[in-house]
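Right, one structure below, let's go through it.
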Amino acid sequence: MKIVIAQMEHETNTFSPVPTPWDSFGPNGPYIGKEVTAAMKGTKTPIGAFIDLANKINADIRTPIAGLALPSGPVDLVAFQKFCDLICEEVSIGCDAVFLDLHGAMVVKNGSLDGEGTLLKKIRNINSKVPIAVSLDLHANVTEDIVNNCDVIVGYKTYPHIDMYETGYLAGSILLKSLKQEINPVMAWINQPILAHTLKMDTKEGAMAKLAAIAQSSETGDVLAASAFGGFPMADIPTAGMSSVVVTDGNKKLAKTTCNKIMQLAWTNRSEFIWEDIPLVKSIKKAARIDKGPVLLIDHADNCASGGTQDTMHVLKEALKQGLKEIAVGPIKDPEAVEKLIKIGKGITVTLNIGGKVDMPAINILGEPLRLTGVVKNITDGKYLVTGPQFTGMTMRMGRTVVFETDRAEIVITEELQEPLDLGVFTSVGINPTKKQYLLLKSRMYFKPVFGPIASEVVYCNGTGVTASDWRLFEYKNIRRPIYPIDKFP
Ligand SMILES: [Zn+2]
């Protein structure tokens with residue numbers, strides 16, 4: 001049996017000014033051909049599971065491409081076409097099945113608003129019969145073209161995503177069973193007009209926990225897979241919204257009723273998917289009153305794991321204005337400042353502009369640096385080994401990194417984008433985060449398993465950026481209307 005296995009993962013924030021070229025899909029661009037298994041075999045990802053499944057049945061594995069880019073602005077058209085061409089070329093040679101590790105929220109610059117649907121349609125145009133299994137992220141905006149052009153879809157049930165491997169494994173297993181004619185997978189889906197905030201999609205709490213639980217408990221009897229998608233709301237496209245996909249063994253009606261049941265629960269609890277912000281001044285005031293540290297200041301409006309520029313300075317500015325001290329900040333992406341500070345070297349007092357280098361035209365905000373005086377305390381190559389519970393064992397690369405120390409803050413400044421997903425962002429540059437009164441983190445969800453256990457309290461700070469959780473900041477032109485919560489529903 002010959003199986004084509006590929007990965008094309010990108011969550012597109014259509015408001016983000018951060019570009020998404022070919023090179024962003026891997027350390028040196030995507031993995032191609034034999035590089036794919038070398039890099040992805042053994043990883044706890046959907047594609048890792050697909051490779052394991054195919055190996056188990058001694059299949060002839062063909063891996064045209066695997067690439068994953070951090071969330072950012074629309075994907076370059078040439079890069080997208082290259083992904084499609086390589087995958088389609090392999091399918092056209094002939095195969096018995098296709099396993100695809102996709103995200104489900106890819107938008108192409110000057111191209112398709114539904115990257116995954118477009119890719120699947122292209123594959124179907126080459127071979128209308130080839131069975132296709134797809135894994136999707138919980139933040140997928142599921143579309144008609146995605147559902148109509150594959151056989152099995154399974155989405156992550158967790159956020160933070162810790163079931164990527166299991167999701168791929170389930171999708172691949174269902175397809176393999178159907179190839180042996182043991183089952184006959186059929187799908188139903190619904191995409192609902194709810195623009196939910198990702199800050200309210202933690203699958204351990206609130207309405208999203210209920211949704212994840214009902215999806216999980218539905219997977220019994222003839223229901224082979226049930227997925228509830230939170231969707232990705234920072235996407236100005238008609239299909240942005242929550243959705244559900246259910247795969248059953250030959251029972252279309254059961255698939256439909258299960259889908260309805262899941263989405264009915266989402267609609268009933270729709271107000272619980274909306275984040276209510278408090279003004280930044282108030283958040284910092286609240287943080288200032290907390291005696292025991294470390295207090296986490298979560299700068300969620302500028303999170304690079306959702307398309308943020310990771311360089312807005314408004315939360316730090318307000319924290320300093322209100323007199324907070326003993327703050328560790330980071331990372332802030334500012335290659336220009338890194339270059340300057342390395343040239344100046346350690347221990348020399350200097351005043352310079354930090355952060356705020358990138359404009360955000362889609363939300364009408366210009367970059368606004370913060371002028372600070374301090375010294376370079378440390379310079380590193382920015383590499384660190386993850387020891388925490390997520391991405392354990394992986395080497396992270398922040399680019400050249402500088403610790404800039406002012407009288408009240410130690411700021412980690414990097415050349416590359418880096419989510420604070422491990423204590424290593426601080427410990428690797430000589431900062432002990434447990435000894436700080438405040439940790440200012442540009443994060444939304446991934447700080448939780450790592451910084452949560454060491455924190456005395458968490459304070460969400462409504463800073464500035466393209467990942468803000470306030471719909472009024474975004475000018476949506478292409479989403480469907482009416483949509484909750486922008487429009488009123490009875
Ligand atoms: Zn996601």
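Any idea which of (1) surrounded by fewer than 24 Cβ atoms within 10 Å (Cβ to Cβ); (2) under 23 Å from the mean Cα position of the chain (by Cα) is the one Asp249 doesn't satisfy?
(2)
Taking the condition basic (Lys, Arg) and either farther than 24 Å from Gln437 by Cα or part of a loop (DSSP other than H, G, I, E, B) (or both), does Lys357 pass?
Values: basic (Lys, Arg): yes; either farther than 24 Å from Gln437 by Cα or part of a loop (DSSP other than H, G, I, E, B) (or both): yes.
Taking the combined requirement at face value, the residue satisfies it.
Could you list, ordered by first residue, the pairs with Cβ atoms under 6 Å in which the first is in segment 461-486 and under 22 Å from Thr143 (Cα atoms) and the second is among the hydrophobic types (A, V, I, L, M, F, W, C), at least 6 apart or interchain?
Note: pairs meeting the criteria are Asn478/Ile237; Ile479/Ala240; Ile483/Leu195; Tyr484/Ile194; Pro485/Ile274; Ile486/Trp471.
Within segment 165-197, restricting attention to residues that are under 17 Å from Ala226 (Cα atoms) and among the β-branched types (Val, Ile, Thr), which residue is farthest from the ligand (Cβ to nearest atom)?
Going through the qualifying residues, I end up with Ile183.
Tally the residues that are buried (at least 22 other Cβ atoms within 10 Å of the Cβ), within 16 Å of the ligand (Cβ to nearest atom) and not hydroxyl-bearing (Ser, Thr, Tyr), restricting the search to segment 1-55.
Final tally of qualifying residues: 8.
For Glu219, state whether it is in the same structural domain as Asp96 (by TED's automatic domain parsing), more than 16 Å from the chain's Cα centre (by Cα) and more than 16 Å from the ligand (Cβ to nearest atom).
On the way: in the same structural domain as Asp96 (by TED's automatic domain parsing): yes; more than 16 Å from the chain's Cα centre (by Cα): yes; more than 16 Å from the ligand (Cβ to nearest atom): yes.
Yes: the conditions hold for Glu219.
From Met396, Met445, grab the single residue that is within 30 Å of Asp163 (Cβ to Cβ), outside any loop (DSSP other than H, G, I, E, B) and either of a type outside the set (Phe, Trp, Tyr) or in contact with a strand residue (DSSP E or B) (Cβ under 7 Å, 6 or more places away or on another chain) (or both).
On the way: Met445 fails: outside any loop (DSSP other than H, G, I, E, B).
Only one candidate passes the filter, namely Met396.
Would you check if there is a residue in segment 277-288 being over 20 Å from the mean Cα position of the chain (by Cα), free of Cβ contacts under 8 Å to residues at least 60 places away in the same chain, assigned to a loop (DSSP other than H, G, I, E, B) and not assigned by TED's automatic domain parsing to the domain that holds Gly155?
So the first thing to find is which residues in segment 277-288 are over 20 Å from the mean Cα position of the chain (by Cα), and the list is 277-288.
Next, only the ones that are free of Cβ contacts under 8 Å to residues at least 60 places away in the same chain stay: 281-282, 285, 288.
Imposing the further condition that a residue be assigned to a loop (DSSP other than H, G, I, E, B) reduces the set to none.
For segment 277-288, residues over 20 Å from the mean Cα position of the chain (by Cα), free of Cβ contacts under 8 Å to residues at least 60 places away in the same chain, assigned to a loop (DSSP other than H, G, I, E, B) and not assigned by TED's automatic domain parsing to the domain that holds Gly155: absent.
Does Ile162 satisfy the criteria of being within 16 Å of the ligand (Cβ to nearest atom), within 18 Å of Ala49 (Cα to Cα) and at pLDDT below 95?
Numbers: within 16 Å of the ligand (Cβ to nearest atom): yes; within 18 Å of Ala49 (Cα to Cα): yes; at pLDDT below 95: yes.
Yes.
Quick one: what pairs do we get from segment 382-396, first residue modelled with pLDDT under 90, second among the charged types (D, E, K, R) and not in a loop (DSSP other than H, G, I, E, B), C-beta under 9 Å, 6+ apart or different chains?
The qualifying pairs are Thr395/Lys383.
Within segment 139-155, restricting attention to residues that are within 17 Å of Leu175 (Cα to Cα) and crowded, with 23+ Cβ neighbours inside 10 Å, which residue is nearest to the ligand (Cβ to nearest atom)?
Initial filter on segment 139-155 (within 17 Å of Leu175 (Cα to Cα)): 146-155.
Subsequent filtering for residues that are crowded, with 23+ Cβ neighbours inside 10 Å retains 146, 150, 152-155.
Details: Ile146: 16, Cys150: 19, Val152: 20, Ile153: 15, Val154: 14, Gly155: 10 Å.
In this case the residue turns out to be Gly155.
Report those helices (runs of 4 or more DSSP H) wholly inside segment 115-218 carrying at least 2 residues which are of a type in the set (Val, Ile, Thr).
Values: elements: 115-126, 144-148, 164-179, 206-218.
Correct list: 115-126, 144-148, 164-179.
Go over the candidates Ala455, Ala362 one by one and state the one that is of a type in the set (Gly, Ala, Ser) and modelled with pLDDT under 95.
Working: Ala455 fails: modelled with pLDDT under 95.
One residue alone meets the criteria, Ala362.
The values are calculated or read from the model by the stated rules, or taken from the named source; none is laboratory data. In this text the structure is predicted, and so the values were computed from the model without any measurement. Here the Cβ is made from the backbone with ideal geometry for all residues, glycine too, and neighbour counts use every protein chain on show.
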